[in-house]
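Peer 1: Okay, handing you the structure first.
The values are calculated or read from the model by the stated rules, or taken from the named source; none is laboratory data. Since the structure is predicted, the reported quantities are computational estimates derived from the model, not experimental observations. With ideal geometry, Cβ positions are generated from the backbone for all residues, glycine too; neighbour counts draw on all protein chains shown.
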Amino acid sequence: MSKVLYRYIIDYRSEDNDTDVRLMELPVIRQTEKMYYVKRYYWGDAERGIRKDAHNTYAYDTKEKAKSHFIRRTGSRISWYDYWKNECEKALDLIQKVDTNE
């Protein structure tokens, strides 16, 4: 049986579907002592290298690790969106104070 790595991704809402979470199964094409190589989706036949010992990486050898990373990754993404939302709101407040008749 060939090796498979796992990655959870968000299937974003569209007109026809609601937001969902999907588990991607990435077959390992080849491996070395330190790396797995999987096919890069959306990039033709290119390969993506994944370190076997990495804590934060693209895909994992168990579904549990992939789920844990998805939770960390998504929480971090929310933090960044909150930060940028606040910065944009501050910028909108500042631009209201700019006198354009100078």
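Peer 1: Please identify the pairs in which a residue from the range 21-48 that is at pLDDT below 90 has its Cβ atom under 7 Å from the Cβ atom of a residue that is among the small types (Gly, Ala, Ser), counting only partners at least 6 apart or on another chain.
Peer 2: That search, which allows pairs on different chains as well, returns Arg40/Ala46.
Peer 1: Ok, one more. Take Asp93 and tell me if it is more than 15 Å from Tyr6 (Cα to Cα), part of a loop (DSSP other than H, G, I, E, B) and either in contact with a Pro (Cβ under 6 Å, 6 or more places away or on another chain) or of a type outside the set (Phe, Trp, Tyr) (or both).
Peer 2: Answer is no for this residue.
Peer 1: Ok, one more. Select, from Asp61, Asp18, Asp82, Asp53, the only residue that is acidic (Asp, Glu) and surrounded by 11 or more Cβ atoms within 10 Å (Cβ to Cβ).
Peer 2: Working: Asp18 fails: surrounded by 11 or more Cβ atoms within 10 Å (Cβ to Cβ); Asp82 fails: surrounded by 11 or more Cβ atoms within 10 Å (Cβ to Cβ); Asp53 fails: surrounded by 11 or more Cβ atoms within 10 Å (Cβ to Cβ).
After ruling out the rest, the residue left standing is Asp61.
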